[in-house]
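Below is one structure, written out as structure tokens; the observations come after it.
The values are calculated or read from the model by the stated rules, or taken from the named source; none is laboratory data. Bear in mind that the values here come from a model prediction, so they are computed numbers and not experimental data. Cβ coordinates were reconstructed from backbone atoms using ideal geometry, including for glycine residues, and neighbour counts include every protein chain displayed. Surface accessibility is based on the protein's heavy atoms, side chains included, excluding ligands, DNA and RNA. Shrake-Rupley method; radii C 1.70, N 1.55, O 1.52, S 1.80 Å.
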Amino acid sequence: EMADMVASGMTPAQVITAATKNGAEFLRIPNTGTIESGKMADFIVLDANPLEDITNTRKISTVYLRGTAVPR
């Protein structure tokens, strides 16, 4: 879906914002959606820059839940 959003004219940055920050706000899930002090530390580390190519979001190196790396 992210690649389709870019193909439709959104920038990779806009797609990432829609999938994270805006998604959390829409679903009214507090303390998620952005990386900030006081928020839950759920995030992924990628092997390549998704701003250069949105399909790089598939190149997952590490997954963190509540600040702790989890095995894949």
Item to check | Per residue, the convex hull volume that the Cα atoms of the chain enclose (Å³) | outcome: 96
Checklist entry - Which cross-chain or sequence-distant (5 or more) residues have an amide H under 5 Å from the amide H of Thr62, H modelled 1.01 Å from N in plane? => result Val45
Item to check | Pair Ala13, Ala41: separation of 7 Å Cα→Cβ label points (nm) | outcome: 2.6
Next on the checklist: Within the chain, what whole-number % of the accessible surface is contributed by carbon and sulfur, with the 1.4 Å probe and all protein chains included in the calculation?
Outcome noted: 55
Next on the checklist: Could you give each residue of segment 7-18 its phi-based ³J(HN,Hα) in whole Hz, using Karplus coefficients 6.51, -1.76, 1.60 with θ = phi - 60°, and x for Gly or Pro?
Outcome noted: 4, 7, x, 6, 7, x, 5, 5, 5, 4, 5, 5
Item to check | the chain - accessible surface per residue (Å², probe 1.4 Å) | outcome: 75
